[in-house]
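To keep things clear, I will list the structure first and then write my remarks on it.
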Amino acid sequence: MKHYTFGVDYYPEHWPRERWATDAKMMREMGIEVVRMGEFSWAMFEPGEGRFDFSVLDEAIGLLAAQGIDVILGTPTAAPPAWIIEKNPEIQPTDWRGQQRFFGGRHHDCQSNPVYREHIRRYVTAFAAHFADNPAVVGWQVDNELGNSHGDLCYCESCEKRFRVWLKEKYGTIGELNRAWGTAFWSQDYPDFEHIRSPKITAAWGQNPSHDLDWRRFSSDLVCEFHQLQADILRAAAPGKFITHNLMGFSSKPSYYALGEQLDFASHDQYPGGHFHARHDEYRADWHAAELDFIRAVKQKPFWIMEQQSGITGWEVLGRTPRPGQLGLWAMQCVAHGADTIVFFRWRSCPMGTEQYWHGLLPHSGQPGRYFREVEAFMKQYAPLLREMQGALPQAEVAILRSYEQEYAFQIQPHHPQHRYTQHLMTYYKALHRANVPVDFVGEHHDWSGYKVLIAPLQFLMTPSLSEKLHAFVENGGQLVLTWRTGVKDESNLCHTDMPVPCLVDDLCGLQLAEYDCLRDTDGAVLWEGERLACSQWCDVVEVTTARPVAVYGHEFYAGTPAITCNEFGAGKCWYVGTTLSDALADRMVAALLASADIAPLMDTPHGVEAVRRVKGGKTWLFLLNHNACPETVALPAGFTPWDGAPWAGQLEAHGTRVFVSVSE
Ligand SMILES: [Zn+2]
């Protein structure tokens, strides 16, 4: 597959034809090699049923191709046109209150609806056939950000019907479903699959957690199946073009591991200064880094950014404007964590619609300003770097297990009001990030054997196969971290019975749970070699069998009992953390782990300066990223020289980046 360095998202249909040639020429001059378009313009390309008019795309693609720019086309199924909705209003989605949602935004569609799927089949078949032989069209994106804006959708009758088919395939008999869902509680026995509904709002709010977990699994499968429908048509009608999807970091509705199986490579949308962030005065570089590391895990290889922030963003309200240097810094962070191609969103700020203030490289005026000049300089400087580094990976020795199943289970039962699955994983990730230790994310299905350390928090749903895999990792010399709420439930979200918690891994942990405390409206403390450090949310009170206490609680009637333990098992060690760690405690925990597994951080940096590496062959690229609004002094490790050959005086500018290389013999 041809490699591209930089691209842009482009909507020629928003602008007069006379401007398109100017846009294409300006793109080529600034270093754009690929353009994505077409993903939201169904009404223009099919103004009435079966009446296709792709002339806008044909002409725009021709102008771009004349400048040597290739094209990715998106299928526009995230925005079915008004004429489809008028004809088939039943395809509009229903939320969990049973309220139908209507036309006017996007994703006003039910992904299981058979009538909607017929409309999609007709459009995508014609779309693929029309562009199949166009050599400038090199790839496809199906829909847009699948799962996003579909968070609590859809609970309609069509989805319920599909859910019943899914359940029949899974359970075979209604008796088996009743057992797996524990329907003896509150009189929920189902005499027949036909009686099962989507888990809409109940009179008592609470849902059966087993029913809800299967619904979330089903919803993930439905999104993947929705993607598959289109991917199959595209592959059959237009072979030789790649398929990717713009994923959304830690967004959880569909499993990206499952969706990724259909993709040639993963893509991601990255908006570090997005208006949708809850706070704009917080340090978030670690979150952005983590999402990039996670997207790399989807295919366990480098990825694309399909939408990279290129200006101030907003819908009804706006975020902050990117500070000088930040657009390049944010793009470089993606490159550092494994992006081989960066596509900026978008070419030009749009005069109309919901995203009028979601600014592009160009302002509404079309005249280049600061955003454009900064990104152009960045692209010109670093296109050669992206070319030489293509395919390089970070060579992490530490992995964090991220599981959609466990996340769904904690979405249903967070236990503590402030407890969130991803935030919990982030307590460990952030400590590793502060220490400049490369991290990979992995799923249950991946091969873990290449890692020295596997951090696997919250293994709530414990199955014999997961237990076996965890045992094998430690037996073979790995260091495993397990935490509170591990080995509590079976795969149906029923509590394990008749064995000690953490069920199926108590021998691996070398302890058994005696009881637990949910730290409502209070924090706790852990004593680690006499140092008192804060913890929160939850405390497991354990009785060790073979484990060694590492740190003990410093509060409540269980003060002095183990909070963190370590158990030698086979050739490895299993650590158990009975509480949620504060940042200081997580730093202490990570330091102990790194020392025990003999892992060296890349280097020391001031807070807010990130050090990241990519490695290929014998060559290592070291990225220094200053997320702070002031210059920072950094001591470079031995053996590295500036990638660009420019002098290095040991200082990074505010929001500045530098790249260094080292070649091993
Ligand atoms: Zn539906």
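A few comments on the model shown:
- Cα centroid separation - the range 111-130 against the range 350-375, whole Å: 33 Å
- As a rough guide to protection, the peptides 404-417, 73-86 ranked by mean Cβ packing within 10 Å, highest first, stand as 73-86, 404-417.
- Counted as membrane-span-like here are DSSP H helices of the chain whose alpha-carbon atoms extend 18 Å or more along the helix's own axis and whose Kyte-Doolittle mean is -0.5 or above; these are 114-131, 209-237, 285-299, 583-597.
- Three-way shape label, the chain, alpha-carbon gyration tensor, a/c 1.5: oblate
- Cα-based shape type of the range 457-535, given that a ≥ b ≥ c are square roots of the gyration tensor eigenvalues and the cut on a/c is 1.5: oblate
- Ranked for footprinting exposure by Cβ neighbours inside 10 Å, fewest first, Cys539, Cys509 give Cys539, Cys509.
- Shape category assigned to the range 398-597 from the gyration tensor of Cα positions, a/c cut at 1.5: rounded
- 11 Å beta-carbon shell around Thr620, net charge (K/R +1, D/E -1): +4
- Estimated 222 nm signal from helices in the chain, with DSSP H stretches of n ≥ 4 weighted -39500 (n - 2.57), rounded to 500: -10000 deg cm²/dmol
- When peptides 45-55, 303-313 are sorted by average Cβ neighbour count within 10 Å, with the highest value leading, the order is 303-313, 45-55.
- Working note: Cα atoms of the range 609-663, range along each principal axis, descending, whole Å: 35, 19, 17.
- Sequence of Leu511, Leu222 once ranked by neighbouring C-beta atoms within 10 Å, starting from the fewest: Leu222, Leu511
- For the residue pairs Lys301/Lys469; Lys25/Lys619; Lys2/Lys299; Lys452/Lys619; Lys253/Lys452; Lys200/Lys299, the C-alpha atoms sit more than 29 angstrom apart in Lys25/Lys619; Lys253/Lys452; Lys200/Lys299.
- Annotation: the residues Trp648, Trp538, sorted from fewest to most other C-beta atoms within 10 Å of their own C-beta, follow the order Trp648, Trp538.
Where a number appears in this text, it was derived from the coordinates with a stated rule and is not lab data. Values in this document were obtained by computation on a predicted structure and should not be read as measured data. Neighbour counts run over all protein chains shown; Cβ positions are idealised from the backbone, glycine included.
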